[in-house]
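Working notes, structure below.
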Amino acid sequence: GQRVDLGHGLEVSRLGFGGMAITHVYGETDPAEGLRTLNHAVDAGVTFIDTADVYGQAPEGVTGPAGTNEELVGELLRTRRGDVQLATKFGITGVPTHGPGGTGVRGDAAYVRSAVEGSLRRLGTDVIDLYYMHRRDVSVPIEETVGAMAELVAAGKVRHLGLSEVT
């Protein structure tokens with residue numbers, strides 16, 4: 001299949017798979033069917049899988065990012081980690097707020113460090129190929145957020161960094 005370099009040696013399939021809809025976002029889903037869909041995508045040559053800690057339906061009693069989409073992608077990674085380049089995002093907390101958008105965002109260094117640990121655990125992997133900020137927390141200097149992300153690269157937990165929904 002066709003490949004593209006996203007920068008700094010991160011080469012992925014030209015067509016990627018956005019995992020958001022294979023767990024509850026638009027309505028009920030079947031996890032087994034979601035996993036079959038992921039495997040079919042990889043069988044068809046898609047190697048770039050994108051998820052986020054906030055995707056899915058939060059289990060009872062969980063406050064914060066749902067994590068269920070990452071858990072489902074983690075099922076794929078158990079047997080196919082070497083076949084994919086994995087992207088996930090942090091920053092949308094999943095905790096409702098009364099402000100615009102209705103969902104809180106965090107970008108402070110402590111949250112970045114905590115979020116990556118949760119993602120690594122749910123995904124069942126020791127490294128994320130592309131880790132990006134899902135939405136900017138304008139109350140935190142961007143240097144603090146990106147600085148904390150850079151520390152994750154230095155620690156070997158993340159290979160590449162990105163920013164989403166940043167103007």
Any chance region 56-68 includes a residue that's at pLDDT 95 or above and either open to solvent by less than 40 Å² (accessible area, probe 1.4 Å) or aliphatic (A, V, I, L, M) (or both)?
no
Check off (1) over 20 Å from VAL140 (Cα atoms); (2) under 15 Å from the mean Cα position of the chain (by Cα); (3) surrounded by fewer than 19 Cβ atoms within 10 Å (Cβ to Cβ) for LEU76 and give me the number that stays unchecked.
(3)
Within region 23-45, can you find the residues that are part of a loop (DSSP other than H, G, I, E, B) and buried (at least 20 other Cβ atoms within 10 Å of the Cβ)?
THR23
Can you name the condition, by its number, that SER114 falls short on among (1) hydroxyl-bearing (Ser, Thr, Tyr); (2) open to solvent by 20 Å² or more (accessible area, probe 1.4 Å); (3) at pLDDT below 95?
(3)
Are there any pairs, at least 6 apart or on different chains, whose C-beta atoms fall under 8 Å, with the first in region 112-138 and of a type in the set (Lys, Arg) and the second in a helix (DSSP H, G or I), and if so, which?
ARG113/ALA148; ARG113/GLU151; ARG113/LEU152; ARG122/GLU70; ARG122/GLU71; ARG122/GLY74; ARG136/ILE142; ARG136/THR145
Considering only residues of region 8-22 that are among the aliphatic types (A, V, I, L, M) and open to solvent by less than 80 Å² (accessible area, probe 1.4 Å), which is modelled with the lowest pLDDT?
ALA21
Residues being small (Gly, Ala, Ser), open to solvent by less than 70 Å² (accessible area, probe 1.4 Å) and out of contact with any helix residue (DSSP H, G or I) (no Cβ under 8 Å at 6 or more places or on another chain) - total across region 123-147
0
Here the residues within region 109-167 that are among the aromatic types (Phe, Trp, Tyr) and either within 12 Å of the chain's Cα centre (by Cα) or closer than 13 Å to ALA52 by Cα (or both) are TYR131, TYR132
Single residue of ASP50, ASP43 found to be more than 18 Å from the chain's Cα centre (by Cα), closer than 25 Å to VAL127 by Cβ and modelled with pLDDT of 95 or more
ASP43
Total residues in region 10-22, condition closer than 17 Å to ASP53 by Cα, among the hydrophobic types (A, V, I, L, M, F, W, C) and in a strand (DSSP E or B):
1
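The values are calculated or read from the model by the stated rules, or taken from the named source; none is laboratory data. Source: prediction; values computed, not measured. As a convention, Cβ positions derive from the backbone with ideal geometry for all residues, glycine included, and neighbour counts pool all protein chains shown. Areas reflect the complete protein model, heavy atoms only, side chains present, ligands, DNA and RNA absent. Shrake-Rupley method; radii C 1.70, N 1.55, O 1.52, S 1.80 Å.
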